[in-house]
Amino acid sequence: MVKGKEYRAEWECPSNIALIKYWGKKPAQLPLNASLSFSLKKAKTKTSVSITPASRRKVSFMFEGQASAFTERIENYLANMSLEHDWLNDFSFKIESWNTFPHSAGIASSASAFGALALCLVDLKQQVNNRQFTQEQFFQKASRWARLGSGSACRSVFPAFAVWGHLNQIPGSTDCHAIPVKGRFHPDYYSLRDAVLLVDSNKKQVSSSQGHELMNTHTFKDARLAQVNSHLFELLKVMEKGEHARFFELLEKEALSLHALMMTSDPSFILLHPNSLNIIQRIRDFRKQSGLHFGFTIDAGPNIHLIYFEKDKEVIHQFVEHELLSFTEQGQWLDDGIGNGPIQLTDEGV
Ligand code: DP6
């Protein structure tokens, strides 16, 4: 560390959409089960962090130029991280963040937010210690640090597909951080797209964190763990072989299982909206009618992610515009797809 010096890092990190869902966790934000996702291309958070030496850490956080309620979560995150990473106690933090997607979009903004923040922190650690990590070490560390902010964020720091959680079938997989899944799947899956249909932008009545907690005492906890492990095991094989019909069946079973778990929690809660069901029905009807391979997934909210292949983009866009937009909030949807992972916006090497 150079005395009195200011250090700065800036990263852009995408959100991700889970095909196999993380739902339920153990202390230290470790997952009850392994999950699989792909990073998005357009839905991203851009974050810059400047740090200056200080005797007591102060945190200023601005989101899109304004003070934000997220500040407290970031302060708690940094306080927590500093228990293990003492250097975080020696600086004050000026953090600025922007999203490329609207606030109400129902895209997991905590995934891209903590992904981008963790990437900046690992970058700063390199600068402060004047020591370069290897690429693998860098992103592994960023994934681990992102996980401590929000579980699903650990999958966002990798391009395309990432697995988080230990699974015997995937060498190197661990609960501590996500790992990229490279070159394993049928080429069609590298052209997946995600039409995010915005059904309802009202604040969720139950947060993901509360939902995860309800899994600890859930009547179906053991059954869910058996189910999700078998879904992931089968999905990996299906994606290797390119069995598209089964891929979308499994995708939808995962999404509906997640919401079934919410409905049968104690207390029970429902995040789906009547229009979520209308969209699901239309998707299934049009799949039958068109004979194309596509389907839906859903995160912890009412919005529907219509997942399809790039080659069907024109037909699917017409279908969205003619048949689905009337079920969305003010005709809002986001046209996204599989992406290439985070980008460093400052010129220091990784
Ligand atoms: C339904 O990562 O938002 O999107 O770890 O408490 O921040 P925390 O939860 P979060 O949970 C996301 C759950 C999910 C499924 C998934 O992304 O795997």
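The values are calculated or read from the model by the stated rules, or taken from the named source; none is laboratory data. Just so you know, these numbers come straight off a predicted model, no measurement behind them. With ideal geometry, Cβ positions are generated from the backbone for all residues, glycine too; neighbour counts draw on all protein chains shown.
Across segment 242-281, the number of residues qualifying as among the polar types (S, T, N, Q), within 23 Å of Ala226 (Cα to Cα) and within 16 Å of the ligand (Cβ to nearest atom) comes to 3.
Would you call Ser191 away from the ligand (no atom under 16 Å from the Cβ), more than 19 Å from Val238 (Cα to Cα), in contact (Cβ under 8 Å) with a residue 60 or more places away in the chain and not assigned by the TED database to the domain that holds Pro171? For Ser191, the condition - away from the ligand (no atom under 16 Å from the Cβ), more than 19 Å from Val238 (Cα to Cα), in contact (Cβ under 8 Å) with a residue 60 or more places away in the chain and not assigned by the TED database to the domain that holds Pro171 - is not met. State yes or no: is Asn168 closer than 20 Å to Ser276 by Cβ and modelled with pLDDT under 95? For Asn168, the condition - closer than 20 Å to Ser276 by Cβ and modelled with pLDDT under 95 - is not met.
Within segment 252-271, the set of residues being surrounded by fewer than 18 Cβ atoms within 10 Å (Cβ to Cβ) and in a loop (DSSP other than H, G, I, E, B) comprises Thr264, Asp266, Pro267, Ser268, Phe269, Ile270. For the residues Ser92, Ser112, the requirement of being crowded, with 21+ Cβ neighbours inside 10 Å and either of a type in the set (S, T, N, Q) or in contact with a His (Cβ under 7 Å, 6 or more places away or on another chain) (or both) singles out Ser112. Of the residues making up segment 76-134, those that are modelled with pLDDT of 95 or more, closer than 19 Å to Gly151 by Cβ and β-branched (Val, Ile, Thr) number 1. Every condition in (1) at pLDDT below 95; (2) acidic (Asp, Glu); (3) within 16 Å of the ligand (Cβ to nearest atom) holds for Glu348 except the one numbered (3).
Of all residues in segment 87-98, those that are closer than 9 Å to Lys58 by Cα and touching a residue at least 24 places away in the same chain (Cβ under 8 Å) have Cβ atoms under 6 Å from Cβ atoms of residues that are buried (at least 22 other Cβ atoms within 10 Å of the Cβ) and among the β-branched types (Val, Ile, Thr), 6 or more apart or on another chain, in Phe91/Ile51; Phe93/Ile51.
Looking across segment 45-70, the residues that are surrounded by 15 or more Cβ atoms within 10 Å (Cβ to Cβ), away from the ligand (no atom under 16 Å from the Cβ) and under 21 Å from Leu334 (Cβ atoms) come down to Lys46, Thr47, Phe63.
Scanning segment 1-33 for residues that are more than 9 Å from the ligand (Cβ to nearest atom), surrounded by fewer than 24 Cβ atoms within 10 Å (Cβ to Cβ) and part of a loop (DSSP other than H, G, I, E, B) returns Met1, Val2, Lys3, Gly4, Lys5, Glu6, Gly24, Pro27, Ala28, Leu32. Filtered by the rule that a residue be closer than 20 Å to Tyr7 by Cα and part of a loop (DSSP other than H, G, I, E, B), segment 57-92 gives Arg57, Lys58, His85. Figure legend. Inter-residue proximity from segment 311-322: first residues farther than 16 Å from Tyr189 by Cβ, second residues small (Gly, Ala, Ser) and at pLDDT below 95, beta-carbon distance below 6 Å, spacing 6+ or different chains. No pairs are indicated. Of all the listed residues (His231, His212, His218), the sole one being in contact with a Lys or Arg (Cβ under 6 Å, 6 or more places away or on another chain), within 16 Å of the ligand (Cβ to nearest atom), not assigned by the TED database to the domain that holds His166 and not acidic (Asp, Glu) is His212. Any chance segment 282-297 includes a residue that's surrounded by 15 or more Cβ atoms within 10 Å (Cβ to Cβ) and within 16 Å of the ligand (Cβ to nearest atom)? For segment 282-297, residues surrounded by 15 or more Cβ atoms within 10 Å (Cβ to Cβ) and within 16 Å of the ligand (Cβ to nearest atom): present.
Matching residues to (1) within 22 Å of Lys41 (Cβ to Cβ); (2) basic (Lys, Arg); (3) over 19 Å from the mean Cα position of the chain (by Cα); (4) not in a helix (DSSP H, G or I):
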{"site": "Phe185", "(1), (2), (3), (4)": "yes, no, yes, yes"}
{"site": "Asp188", "(1), (2), (3), (4)": "yes, no, yes, no"}
{"site": "Lys203", "(1), (2), (3), (4)": "no, yes, no, yes"}
{"site": "Val206", "(1), (2), (3), (4)": "no, no, no, yes"}
{"site": "Gln227", "(1), (2), (3), (4)": "no, no, yes, no"}
{"site": "Val238", "(1), (2), (3), (4)": "no, no, yes, no"}
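Look at segment 285-296: where a residue is within 11 Å of Phe248 (Cα to Cα) and in a strand (DSSP E or B), no partner that is at pLDDT below 95 and of a type in the set (A, V, I, L, M) sits 6+ places away or on another chain with Cβ atoms under 8 Å.
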